[in-house]
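> Can you keep this structure in mind? I'll have questions shortly.
The values are calculated or read from the model by the stated rules, or taken from the named source; none is laboratory data. Just so we're clear, the structure is a prediction, and the values are computed from it rather than from any experiment. All Cβ positions, even for glycine, are placed from backbone atoms using ideal geometry, and neighbour counts span all protein chains on display. Quick note on the areas: whole protein, heavy atoms, side chains included, nothing else; ligands and nucleic acids left out. Shrake-Rupley method; radii C 1.70, N 1.55, O 1.52, S 1.80 Å.
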Amino acid sequence: MQGKGEKQDMNSIQKLIEIFGHFPGIGPRQARRFVYYLLTRNNNVVEELSKHISSLKKDVASCADCRRFFEKRHDKTELCNICTDQNRDRGLLMIVQRDIDLESVEKNGGFNGIYFVLGGSVPILEKEPEKRIRVKELTEFITNKFNPPSQSYGEAKEIILGVNFNPEGENTADFVKKIITPLLKPATKISMLGKGLSTGTELEYTDPETLKNALKNRG
């Protein structure tokens, strides 16, 4: 017969397995391995992990323009370092699905424009696509910041739809294109990454040279 303490421990294990199982790309077996790995570590490791998880929301903010997550600075600015960089080509915008896609392009793609992070994707046959990505924030950004010339943003030249080269990514691109096209001037080009990317490719796992070529040969 299980004791009260043992039953509580098992509940904690199962709950953590369930939480880890919700992580992208993590199945039940991997989630279970994570939990038992933590159980074999000393208390300092577990306490440090717990501390960083607890402070994550306090130390990280969402950029008011591009919506990427960035570490808060002492000046309490609402913009990330990319959006405040005056050397960026502000007439060139890349729309990506996730923060990790932005990081991949930024690290490997040779892109010098600005970004907007959708925060997700639109599955095929989705009945409420506006609930899956940042539609309101995107339209506000294009209307108020990217499209009209201003002191901080130049004339809008091109929007690159930097989505994953798979059916869900293409569906997301089609939906976004329908939203933004009426907001843009006729001279503003809308292009796609894709040339050089194999079907099924996710930007997160694309090698640097392929990503550079896809950006260079976009259409």
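> Just to be sure before I move on: is K145 open to solvent by 50 Å² or more (accessible area, probe 1.4 Å), among the basic types (K, R), within 21 Å of P182 (Cα to Cα) and modelled with pLDDT under 95 in the structure I sent?
Taking the combined requirement at face value, the residue satisfies it.
> Among I133, I95, which is at pLDDT 90 or above and either open to solvent by less than 10 Å² (accessible area, probe 1.4 Å) or in contact with a His (Cβ under 9 Å, 6 or more places away or on another chain) (or both)?
That would be I95, the only listed residue that is at pLDDT 90 or above and either open to solvent by less than 10 Å² (accessible area, probe 1.4 Å) or in contact with a His (Cβ under 9 Å, 6 or more places away or on another chain) (or both).
> I've got another one for you. Would you check which residues across the stretch 68-101 are under 21 Å from D174 (Cβ atoms) and of a type in the set (A, V, I, L, M) and list them?
Scanning the stretch 68-101 gives L93, M94, I95, V96.
> So, one more: Which pairs turn up if I take residues in the stretch 72-86 that are among the charged types (D, E, K, R) and look for partners that are open to solvent by less than 60 Å² (accessible area, probe 1.4 Å) with beta carbon separation below 6 Å, at least 6 apart in sequence or on another chain?
K72/A61; E78/A64
> Let me ask something else about it. Can we say N44 is farther than 26 Å from T143 by Cβ and over 20 Å from the mean Cα position of the chain (by Cα)?
yes
> Collect the residues in the stretch 15-61 that are among the hydroxyl-bearing types (S, T, Y) and open to solvent by 50 Å² or more (accessible area, probe 1.4 Å), keeping them in residue-number order.
Across the stretch 15-61, the qualifying residues are Y36, Y37, T40, S50, S54.
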